[in-house]
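S.K.: The structure follows.
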Amino acid sequence: MRVLICGGGVIGASIAYFLSCRGVKATVIERAGIACAASGKSGGFLALDWCDGSPLEGLARRSFALHASLADKVGRDLGHDWGYRRLTTYAGSAAALDHPRLTRSAHQLGWLSDKVRISRQLGSSDTTAQVHPGQFTAAMMQAAQAKGAELWLGRATGLVQKAGRVVGVEVDGGIVEGDAVVIAMGPWSVLAAQWLPLPPVFGLKGHSLVFETGTEVPAEALFLEFQEARGSVHSPEVFPRADGTTYVCAISSDSPVPVDPGDVAPDPGAIDRLHAMCSSLSPILSKAKVLASQACHRPVTQDSLPLIGGVSGVEGAYVATGHSVWGILNAPATGEAVAELIVDGDARSVDLSPFDPVRLAPLDPARLQMDG
Ligand SMILES: Cc1cc2nc3c(=O)[nH]c(=O)nc-3n(C[C@H](O)[C@H](O)[C@H](O)COP(=O)(O)OP(=O)(O)OC[C@H]3O[C@@H](n4cnc5c(N)ncnc54)[C@H](O)[C@@H]3O)c2cc1C
């Protein structure tokens, strides 16, 4: 059996890894490069219990445990380190201008400026962790390749079906043959609504900076509310990483997703505003070298839950996308469950029923719009 996975983000690479562990030949078809989009530009923050009480609870808890075991087992076998570590996580607020509400708090963290007020601890090293998302995605793909998977660089443009079942994917004018396909193209999964009855997937843009901070910043993640001088309020997330860098993201926008993932660029002015925000947050960030200024789109659905499951009416067609703000966290359990679904006909490790794509109406392909 050969499974074709369209999209080499964290979801596609994780599915390839878990299929390879089951002895199935997986081929990842990736247009631009492994982890070139959100999977390489996101925060990589992981939480055990932040999805509790929602339909994501089982997926998140299973994924949090898998992240730990993958770092231990695959990291050791491959000799790879993708920066998995536990963190302490805090909430707080800050403002560009001095604000009477911002008195120093009991939890003041030494590496932050006095414009930041830490209000409470959100997580401990038992409940919060992180990975470098691009390195994690690349390692999942390499671990899959070590077990026989292959990476096919090319643009998926259509599906080949015979008598109602998948027999291949059109890639750059040719056909790659396979017995099943998984659509895992993040926000670009919407293009597959031309090939299959799939609900819409949207892209919500976020901006981020990566700073070289060396050993000066401890393993303390922050979720802040920040008021700019002009009055707008943002929610910067700050993740110091094990490799001596610090990642900060904020400033969302609904700028359209370009057809070519290589054309995703920051909105005008967004990076300058984010840099000013970071300079207010910490003297270390204000002086640090900027290693990356970037933007990416998180894939979202109409009800904010992912689409994971078989596509009705087309044998051998599956989808795994729409993981929104928790795609890095939830990739391992998604990969494991999709592999079970394809190999065993049913997912046993987590309940996929809340994510069944049939819950949402398929997109009329005539309404498909993408930038460019
Ligand atoms: C600013 C920001 C911060 C985030 N922080 C976190 C976090 O801290 N923790 C967390 O868990 N999640 C986080 N997320 C969410 C997470 O990044 C995403 O949910 C996840 O990366 C989505 O992965 P994916 O594989 O579905 O899609 P993507 O990473 O978008 O991958 C899709 C792939 O499909 C490829 N593709 C597109 N078109 C084609 C085609 N025609 N043929 C072949 N390939 C194609 C693209 O090139 C791309 O590589 C964050 C997201 C953003 C935007």
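The values are calculated or read from the model by the stated rules, or taken from the named source; none is laboratory data. Values in this document were obtained by computation on a predicted structure and should not be read as measured data. Cβ atoms come from the backbone with ideal geometry, glycine included; neighbour counts cover every protein chain shown. Accessible surface is based on the protein model in full, side chains and every heavy atom, while ligands, DNA and RNA are left aside. Shrake-Rupley method; radii C 1.70, N 1.55, O 1.52, S 1.80 Å.
S.K.: Between residue 294 and residue 109, what FRET efficiency follows from the Cβ-Cβ distance if R0 is 25 Å, with the result rounded to 0.05?
M.R.: The pair residue 294/residue 109 has a calculated efficiency of 0.45.
S.K.: Here's something else I'd like to know. How big is the chain by Rg and Dmax over its Cα atoms, in Å?
M.R.: 20.7, 69
S.K.: Which value, in nm² and rounded to one decimal, describes the direction-averaged projected area of the C-alpha convex hull of segment 160-317?
M.R.: 12.1
S.K.: Quick check for me: using +1 on Lys/Arg Cβ and -1 on Asp/Glu Cβ, what's the dipole size of segment 220-340 about its Cα centre, in debye to the nearest 20?
M.R.: 500
S.K.: Where q = 0.12, 0.13, 0.15, 0.19 Å⁻¹, what log10 of I(q)/I(0) comes from the Debye formula for segment 94-242, counting one point per Cα?
M.R.: -0.79, -0.85, -0.96, -1.24
S.K.: List the residues, sorted by chain then number, that are 5 or more residues from residue 154 or on another chain and whose placed amide H is less than 5 Å from its amide H.
M.R.: For residue 154, the qualifying residues are 30, 31.
S.K.: Holding the Cα-Cα limit at 25 Å, pick out from 73/289; 25/162; 41/147; 115/205; 41/289 the pairs that are longer than that.
M.R.: Checking Cα-Cα distances, 73/289; 41/147; 115/205 exceed 25 Å.
S.K.: Could you give the size of the charge dipole of the chain about its Cα centre, using +1 on the Cβ of each K and R and -1 on the Cβ of each D and E, expressed in debye and rounded to the nearest 20?
M.R.: Computed about the Cα centre, the dipole is about 460 debye.
S.K.: Moving on. Mind checking which of 21, 3, 215 is farthest towards the positive end of the chain's charge dipole, using Cβ charges of +1 (Lys, Arg) and -1 (Asp, Glu) about the Cα centre?
M.R.: 215
S.K.: Right, here's the next one. Output the relative contact order of the chain, whole-number percent, from Cα pairs under 8 angstrom with separation of 6+ residues.
M.R.: 24
S.K.: Suppose only helical runs count, i.e. DSSP H with n ≥ 4. What mean residue ellipticity at 222 nm does that imply for the chain under -39500 (n - 2.57) per run, divided by all residues and rounded to the nearest 500 deg cm²/dmol?
M.R.: Counting only the DSSP helices, I get -7500 deg cm²/dmol.
S.K.: For segment 180-239, what does the convex hull of the Cα positions come to per residue, in cubic angstrom?
M.R.: 179
S.K.: Also: Let me cross-check residue 1: its accessible surface, 1.4 Å probe, with only protein heavy atoms counted, in Å² to the nearest 10?
M.R.: Accessible area, nearest 10 Å²: 120 Å².
S.K.: With charges set only on the Cβ (+1 for Lys and Arg, -1 for Asp and Glu), what does the dipole of segment 111-211 come to about its Cα centre, in debye to the nearest 20?
M.R.: Dipole about the Cα centre, nearest 20: 400 debye.
S.K.: Taking Cα atoms, how many degrees apart are the long axis of helix 270-281 and the longest axis of the chain, rounded to 10 and kept between 0 and 90?
M.R.: Around 40 degrees separate the two axes.
S.K.: Taking the Cα centre of each part, how many Å lie between segment 233-263 and segment 2-69?
M.R.: 19
S.K.: Further, regarding this structure: Any idea which of 238, 334, 321 is furthest toward the positive side of the dipole for segment 213-372, if Lys and Arg beta-carbons carry +1 and Asp and Glu beta-carbons -1?
M.R.: Checked the options; the winner is 238.
S.K.: Given a 1.4 angstrom probe, what's the average accessible area per residue across segment 83-206, in square angstrom?
M.R.: Ligands and nucleic acids excluded, the result is 43 Å² per residue.
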